[in-house]
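To start, the structure itself, in structure tokens.
The values are calculated or read from the model by the stated rules, or taken from the named source; none is laboratory data. Source: prediction; values computed, not measured. For neighbour counting, all protein chains shown are included, and Cβ atoms are generated from backbone atoms with ideal geometry for every residue, glycine included. Each accessible area value is taken on the protein alone, full model and side chains, heavy atoms only, with ligands, DNA and RNA left out. Shrake-Rupley method; radii C 1.70, N 1.55, O 1.52, S 1.80 Å.
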Amino acid sequence: MAANFAPKVLFEHDGVFIHPSGDEIVVEQDVLVCGSLQLVEKDGDVMMEFTPLEDSVDPSHILCAAKDSSSVMEWVQCGGQHQGERGQQLLESQLSYETEWDLVNSASFKKKSCTNGSVIGGNERSRWFFSVSLSQLGTVTIQEDHAGPTLIFTLKESSSLPPLHFHQGGSRELLDSLRRVATLSESPEDESRLLISTPNKILSQSFENLLDDNNYGLVHQKFRKDPYVTTLDRFSKVTNYIFDAFRGTEEQHQRPPEEVAHLLGEVIPGLEINQQEEPGFEVITRVDLGMRPQVTRSEPLSPDSWSQHQDQEGRMIHISRLKESIFKGGLCHAVRKEAWKFLLGYFPWNSTLEQRKSLQRSKTDEYFRMKLQWKSVSEEQEKRNSRLRDYRSLIEKDVNRTDRTNRFFEGMDTPGLVLLHDILMTYCMYDFDLGYVQGMSDLLSPIVFVMENEVDAFWCFVSFMDHMHQNFEEQMQGMKTQLIQLSTLLRLLDPSFWSYLESQDSGYLYFCFRWLLIRFKREFSFQDILRLWEVMWTGLPCQNFHLLLCCAILDSEKAKIIEENYGFNEILKHVNELSMKLDVEEILQKAESICLQINKCQGLPESVVTILSLDTETRGVSDSTDLGSSTAAVVRTTHRDDHTCATNGHLRAIDSQHRKVAFMS
């Protein structure tokens, strides 16, 4: 198990200046240090960091559409830098074909230029870097001038940080972000000075992830008024402190668990599971699953092994054996760019190299025609197109906070961010009915990272979304179905654990919502997600293998949950805190073992056979609807009193109010 949390960027703003030659705010200053200011959560602490402007990304191998040309080209740090043989070959192969699309890329993400002076050299700028814990900050003084606001931070030992000049805005956003993790109060001696204090870390971190503001008294009102933008991703970080905020006065602290569960339901619109859909109205017979077999994992598939699965014309051969190798060990990173196109269905397995080149040319045409549609919309048109305007706003917001600790997406206006933005905007043209829903950027970023190419990344993302589409639809039928299926599998595998969850109003497994919505993207490290996804894309060893991954994680955590007697909110908190602590190889090994255990079992319920798409001819399948079965029924029958139905029927949302879920980070 991994021990540390990955750093999390809470705030970031480029265009913050330090004036080395003096403290006066002078727009015409000859020498300025321009940099990026961040609030970063690291190892349980929040740091404020200023990084002088420099080329922080080494994207020598990143391929994207150029800003003044549609041609796929090398992104280099210096215009005169030699691009290398690989880049030259790519340029030659693409320039001749994509020149007609120059207009499409003539404008893209606009970066604010540093117009307030010249930026000093690299060696000199490095000494202006600073990183300080919020717990060390004592006050911040706000000064206003015609050039813009200036913030002066002093430390508790009375020393000061360099004054930070916000000539291009951003000071208010910084203060708002500080208020989410610290308390800012006016100094009695000076109205322009704010005192900084850091409250209990557990409370502040939970609340920062729950709400956009820190007005404790409006917590309940916010959920009641607008639950559609307050999602499980935030609510899953709830601790007992937050539940106390809901409960209010001391007399209300004994709120029944089912009422607290109902509050959770309001943040997952459209996820009502009614009595007709409930898995509890199917009788699952008790089955002896036998011993769980031991399995081993293999080494990643090497480039040489991959090439051995191609014939002279480029067709893939021995595909079943190839998929088995990928399932057992994943892929070396050098193979992923090509292999993912097959695994995702962008390239047919039986296509020749020439057929794939022809396919890429036609897909390039199709992509840029769609991209031209949103690129050519004028500001006046967009004012009268609220859906496009909302999609663009949401995409720009999400792009700026997706995987920002990954070097590929660091900084501002980097190639990775440009690709994310343009591909997501073009996807809105491809599927305007669905458009963009928060969470989709999480599914795209690993694909962009691997493909390093705008067109290929888009079509691989389209193929991925074909499988994930129902997760993001308005009625959320995909999420309902998966939660029902997961509950069915868990009741078969571990009825006693499922009974415990049921007794804690957690039988519908809503704490697994984020796992299913974006395929564990926020539960594993970025590199582990690459391995996990390519294994799942093989379609082995059964259908819906991702549900068995959920079962494997819960199997690893059930002892702690039961021994500690976790209740509803403790289970939510515990599951959320597993993020970045899971070992991908261990979970894959256990999930495969569970699949083999089920697959060897005779007399499985028909529902389980259907969920995993097992071969019914090789096993006896029990009629799970036969109420006359002599085998003892697991956990539930169709006879349940009204109180139980009311308790377990939480997460009811009014049908007429179903809207898209907003998956916020």
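If you take the residues of the range 185-199 that are open to solvent by less than 30 Å² (accessible area, probe 1.4 Å) and modelled with pLDDT of 85 or more, which of them is nearest to the chain's Cα centre (by Cα)? I'd like the intermediate steps shown before the answer.
Applying the first criterion (open to solvent by less than 30 Å² (accessible area, probe 1.4 Å)) to the range 185-199 yields 187, 194, 196.
Restricting the remaining residues to those that are modelled with pLDDT of 85 or more gives 194, 196.
Values: Leu194: 35, Ile196: 31 Å.
Step by step, filter the range 185-199, then rank; the result is Ile196.
Among the numbered conditions (1) at pLDDT below 95; (2) over 26 Å from Leu343 (Cβ atoms); (3) in a helix (DSSP H, G or I), the only one that Phe513 does not meet is (2).
Glu157 meets all of the listed conditions (1) at pLDDT 85 or above; (2) out of contact with any Ser or Thr (no Cβ under 7 Å at 6 or more places or on another chain); (3) not aromatic (Phe, Trp, Tyr) but one, namely (1). Only one of Gln602, Gln543, Gln527 is of a type outside the set (D, E, K, R), in contact (Cβ under 8 Å) with a residue 40 or more places away in the chain and either closer than 30 Å to Arg407 by Cβ or open to solvent by 10 Å² or more (accessible area, probe 1.4 Å) (or both); which? From the options Gln602, Gln543, Gln527, the qualifying one is Gln543.
Table: residues versus (1) in a loop (DSSP other than H, G, I, E, B); (2) surrounded by fewer than 19 Cβ atoms within 10 Å (Cβ to Cβ).
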position: Gln355; (1), (2): no, yes
position: Lys363; (1), (2): no, yes
position: Tyr367; (1), (2): no, no
position: Lys371; (1), (2): no, no
position: Gln381; (1), (2): no, yes
position: Asp403; (1), (2): yes, no
position: Asp413; (1), (2): yes, yes
position: Tyr436; (1), (2): yes, no
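Of a type in the set (Val, Ile, Thr) and in contact with a Leu (Cβ under 8 Å, 6 or more places away or on another chain): is that true of Val418 in this structure? Steps first, please.
Numbers: of a type in the set (Val, Ile, Thr): yes; in contact with a Leu (Cβ under 8 Å, 6 or more places away or on another chain): no.
In short, no.
In a residue-by-residue description of the range 552-561, the property of being at pLDDT 95 or above, of a type in the set (A, V, I, L, M, F, W, C), in a loop (DSSP other than H, G, I, E, B) and buried (at least 17 other Cβ atoms within 10 Å of the Cβ) applies to no position.
Only a single criterion out of (1) in a helix (DSSP H, G or I); (2) farther than 18 Å from Arg292 by Cα; (3) out of contact with any strand residue (DSSP E or B) (no Cβ under 7 Å at 6 or more places or on another chain) is not satisfied by Ser593, namely (2).
Of the residues making up the range 154-177, those that are within 13 Å of Phe130 (Cβ to Cβ) and small (Gly, Ala, Ser) are Ser159, Ser160. In summary, Gln477 fulfils each of the numbered conditions (1) open to solvent by 10 Å² or more (accessible area, probe 1.4 Å); (2) touching a residue at least 40 places away in the same chain (Cβ under 8 Å) with the single exception of condition (2). Applying the criterion of being within 23 Å of the chain's Cα centre (by Cα) and on the phi > 0 side of the Ramachandran plot to the residues of the range 480-519, the residue that is least open to solvent (accessible area, probe 1.4 Å) is Leu509.
Of all residues being open to solvent by less than 10 Å² (accessible area, probe 1.4 Å) and among the β-branched types (Val, Ile, Thr) in the range 27-56, which is modelled with the highest pLDDT? Just the residue, please. Let's see the steps before the verdict.
Of all residues in the range 27-56, those open to solvent by less than 10 Å² (accessible area, probe 1.4 Å) come to 32-35, 37, 39-40, 48, 50, 52.
Those left that are additionally among the β-branched types (Val, Ile, Thr): 33, 40.
Numbers: Val33: 80, Val40: 88.
By that ranking, first place goes to Val40.
Taken over the range 383-401, the residue count meeting the criterion of being within 15 Å of Ser445 (Cα to Cα) and either open to solvent by less than 20 Å² (accessible area, probe 1.4 Å) or part of a loop (DSSP other than H, G, I, E, B) (or both) is 5. Within the range 290-326, the set of residues being assigned to a helix (DSSP H, G or I), of a type in the set (A, V, I, L, M) and surrounded by fewer than 20 Cβ atoms within 10 Å (Cβ to Cβ) comprises just one member, Ile319. All of Gly345, Gly329 fail the test of being on the phi > 0 side of the Ramachandran plot and surrounded by 15 or more Cβ atoms within 10 Å (Cβ to Cβ), apart from Gly345.
For the range 575-589, the count of residues that are within 27 Å of Glu502 (Cα to Cα), polar (S, T, N, Q) and over 27 Å from the mean Cα position of the chain (by Cα) is zero.
Residue-wise test of (1) of a type outside the set (Val, Ile, Thr); (2) touching a residue at least 12 places away in the same chain (Cβ under 8 Å).
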{"residue": "Arg387", "(1), (2)": "yes, yes"}
{"residue": "Val399", "(1), (2)": "no, yes"}
{"residue": "Arg404", "(1), (2)": "yes, yes"}
{"residue": "Phe409", "(1), (2)": "yes, yes"}
{"residue": "Tyr427", "(1), (2)": "yes, yes"}
{"residue": "Asp433", "(1), (2)": "yes, no"}
{"residue": "Gln438", "(1), (2)": "yes, yes"}
{"residue": "Glu473", "(1), (2)": "yes, yes"}
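In the range 605-618, the qualifying residues are those that are within 23 Å of Ser325 (Cβ to Cβ) and in contact (Cβ under 8 Å) with a residue 60 or more places away in the chain, and the one that is least open to solvent (accessible area, probe 1.4 Å) is Leu612. Gln470 fulfils the conditions (1) surrounded by 24 or more Cβ atoms within 10 Å (Cβ to Cβ); (2) modelled with pLDDT under 95 except for a single criterion, (1).
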